[in-house]
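Accompanying notes for the structure given below.
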Amino acid sequence: MDKQTEFVLRAVEERDVRFIRLWFTDVLGFLKSVAIAPAELEGAFEEGIGFDGSAVEGFTRIFESDMIAHPDPSTFQLLPWREAEHGNTARMYCDLKMPDGSPSYADPRYVLKRAMQNASDLGYTFYVHPEIEFYLLQHQISPGVEPTPIDHSGYFDHTISNTGSDFRREAISTLEQMGISVEFSHHEAGAGQQEIDLRYADALSMADNILTFRVVVKEVAEQRGIRASFMPKPFSEQPGSGMHTHMSLFAGDTNAFYDAGAEHHLSRIGRQFIAGLLKHSAEITAVTNQFVNSYKRLNGGGEAPNYICWGRNNRSALVRVPLYKPHKGSSARVELRSIDTAANPYLAYALMLNAGLEGIKHEYELPEEAEDDVWSLTDRERRALGIDPLPANLGEALHAMENSELAAETLGEHVFEFVLRNKRAEFDEYRTQVTPMELRRYLPVL
């Protein structure tokens, strides 16, 4: 028994933990949970907990349904909102395996682990830092009726005391109690829209943290009688919610994206990584932006990118290189701005990493920087500059992905085929719907 496992068993006893929730996600990123009693924990570490994988979205077919969830002791944390005089509740993330002990090809966490091993084989560790946006809404939500935001404040607005600022303070306190470091938070541009940015961590730890973040935000909102939504575009006339992600590769303690003598201090490795992101961006969009609603954000204005280009401090670019901080080479990074808050972070980060690594392996050339506001250019001007659009809808994104060797190899055959099948069904259902806009525009005149 390793030291981390021993620590967890001791902590469960010392902290009066009565329930341990074992967490994992389905292929789409929806959290799944099973609770066990402390008496079952040692057995769970040794043998795992069996469950019916055929009942979970995208896992197995009915005739190969048995799967095993193995808790990862390094992810053990108490759930602060479950503290009670009759005992505490803790959680751990799980790695999913088949009955023979082999990793499950359907486990999104394993997909990311494979990609990070790919980086490790090249001598790198992949670090990420997400800026997570979401809306706080009045709790009464009716199907087909536009929700009501909790306030009408705007970007960086400061108020003496209101629901949003009180909410952010409590949410951040809860996150930090769970060992998740927050860099900063503020009100975003939309009415009721918030942003909380998590401090850098390796991609696997961060993907775990993002799933925990979503639970914490929703729990704290419920306790305050409001509702939190990570829907990419809940309001037609308000900005969508993105998850701009800053990325860097480190070789040991050295930031591989930094070169003191290079233009903009961006190394050759950094330039090739950006080139890989750009070249493969359309192929991975069906995962970084996985719902039909995601494309309302990408095409709906605000600061959401919808053209494939890069720039320094250019917020119309898909990939941005933030300004370099003098004498702080460790801060050199690149930012992908298309990914939204509803993505499965395990799959999205795996694809983003492997896209960048392809650029490094094959020494892709970085195209010219986009210095203009890309949105203000005409289609002809963008074509002349070699700037292509991102997929305009989920259907186009699936078409780009289905021919992608990168996506197939990164996700594995099972996850790749499930995503295509599931998302085609979603898009087919979506495009046959008659919308309120059509009824409003056409019914009176046709």
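The values are calculated or read from the model by the stated rules, or taken from the named source; none is laboratory data. For clarity, every value in this text was computed on a predicted model and none was experimentally measured. Virtual Cβ from ideal backbone geometry, glycine too; neighbours counted across all protein chains shown.
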**OP:** Answer yes or no as to whether LEU390 is over 20 Å from the mean Cα position of the chain (by Cα) and over 24 Å from SER104 (Cβ atoms).
**Re:** no
**OP:** Report, ordered by the first and then the second residue, all pairs with beta carbons closer than 6 Å, sequence separation of six or more or different chains, a first member in the stretch 207-234 that is closer than 21 Å to LYS296 by Cα, and a second member that is assigned to a helix (DSSP H, G or I).
**Re:** ALA228/VAL217; ALA228/LYS218; ALA228/ALA221; PRO232/SER294; PRO232/ARG297; LYS233/LYS296; LYS233/ARG297
Original post:
Quick check: is even one residue across the stretch 66-78 surrounded by fewer than 16 Cβ atoms within 10 Å (Cβ to Cβ) and modelled with pLDDT of 90 or more?
Top reply: yes
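Results for (1) crowded, with 23+ Cβ neighbours inside 10 Å; (2) at pLDDT 95 or above, shown as yes or no for each residue.
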site	(1), (2)
PHE184	no, no
ALA189	no, no
SER205	no, yes
ARG214	no, yes
GLU222	no, no
PHE235	no, no
MET243	yes, yes
Subject >> Matching option when the condition is closer than 27 Å to GLN290 by Cβ and among the aliphatic types (A, V, I, L, M), among LEU366, LEU398 >> reply: LEU398
Original post:
Do we have GLU219 as assigned by TED's automatic domain parsing to the domain that holds GLY359, of a type outside the set (A, V, I, L, M) and in a helix (DSSP H, G or I) here?
Top reply: yes
**OP:** Could you please find all residues in the stretch 2-54 being aliphatic (A, V, I, L, M), part of a helix (DSSP H, G or I) and surrounded by fewer than 13 Cβ atoms within 10 Å (Cβ to Cβ)?
**Re:** ALA39
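Matching residues to (1) at pLDDT 95 or above; (2) part of a helix (DSSP H, G or I); (3) closer than 23 Å to ALA221 by Cα; (4) not basic (Lys, Arg):
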{"site": "ARG109", "(1), (2), (3), (4)": "yes, yes, no, no"}
{"site": "ALA115", "(1), (2), (3), (4)": "yes, yes, no, yes"}
{"site": "TYR127", "(1), (2), (3), (4)": "yes, no, no, yes"}
{"site": "PRO130", "(1), (2), (3), (4)": "yes, no, yes, yes"}
{"site": "LEU137", "(1), (2), (3), (4)": "no, no, yes, yes"}
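Okay, residues lined up against (1) within 18 Å of ALA348 (Cβ to Cβ); (2) modelled with pLDDT under 95; (3) among the acidic types (Asp, Glu); (4) in a helix (DSSP H, G or I):
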residue: THR410; (1), (2), (3), (4): yes, no, no, yes
residue: LEU420; (1), (2), (3), (4): yes, no, no, yes
residue: PHE427; (1), (2), (3), (4): no, no, no, yes
residue: GLU438; (1), (2), (3), (4): no, yes, yes, yes
residue: ARG441; (1), (2), (3), (4): no, no, no, yes
Subject >> Within the stretch 226-238, tally of residues that are more than 18 Å from the chain's Cα centre (by Cα) and either outside the structural domain of LEU394 (by TED's automatic domain parsing) or closer than 24 Å to ASN344 by Cβ (or both) >> reply: 2
Original post:
Of all residues in the stretch 161-205, which are more than 23 Å from ALA304 (Cβ to Cβ), of a type in the set (A, V, I, L, M) and in contact (Cβ under 8 Å) with a residue 24 or more places away in the chain?
Top reply: ALA171, ILE172, LEU175, MET178, ILE180, ALA201, LEU204
**OP:** Mind listing just one residue for me: the one in the stretch 199-230 that is in contact with a Ser or Thr (Cβ under 7 Å, 6 or more places away or on another chain) and not basic (Lys, Arg) and, of those, farthest from HIS139 (Cα to Cα)?
**Re:** ASP202
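Results for (1) touching a residue at least 40 places away in the same chain (Cβ under 8 Å); (2) of a type in the set (Gly, Ala, Ser); (3) crowded, with 23+ Cβ neighbours inside 10 Å; (4) under 21 Å from THR254 (Cα atoms), shown as yes or no for each residue.
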residue: ASP340; (1), (2), (3), (4): yes, no, yes, no
residue: ASN344; (1), (2), (3), (4): yes, no, yes, no
residue: MET352; (1), (2), (3), (4): yes, no, yes, yes
residue: LYS361; (1), (2), (3), (4): yes, no, no, yes
residue: GLU369; (1), (2), (3), (4): yes, no, no, no
residue: ASP373; (1), (2), (3), (4): yes, no, no, no
residue: LEU377; (1), (2), (3), (4): no, no, no, no
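Do any strands (runs of 3 or more DSSP E) entirely within the stretch 268-357 hold 2 or more residues that are in contact with a strand residue (DSSP E or B) (Cβ under 8 Å, 6 or more places away or on another chain), farther than 28 Å from TRP23 by Cα and at pLDDT below 95, and if so, which?
It comes to 310-312, 319-321.
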**OP:** List every residue pair whose Cβ atoms lie under 6 Å apart, where the two residues are 6 or more positions apart in sequence or sit on different chains, the first residue falls within the stretch 428-442 and is outside the structural domain of ALA397 (by TED's automatic domain parsing) and free of Cβ contacts under 8 Å to residues at least 40 places away in the same chain, and the second residue, located anywhere, is surrounded by 10 or more Cβ atoms within 10 Å (Cβ to Cβ) and assigned to a helix (DSSP H, G or I).
**Re:** none
Original post:
If a residue has to be farther than 30 Å from GLN223 by Cα, outside any strand (DSSP E or B) and in contact with a strand residue (DSSP E or B) (Cβ under 9 Å, 6 or more places away or on another chain) to count, how many in the stretch 83-107 make the cut?
Top reply: 6
Original post:
Which one of these does ASP340 not meet: (1) under 11 Å from the mean Cα position of the chain (by Cα); (2) under 14 Å from ALA115 (Cα atoms)?
Top reply: (2)
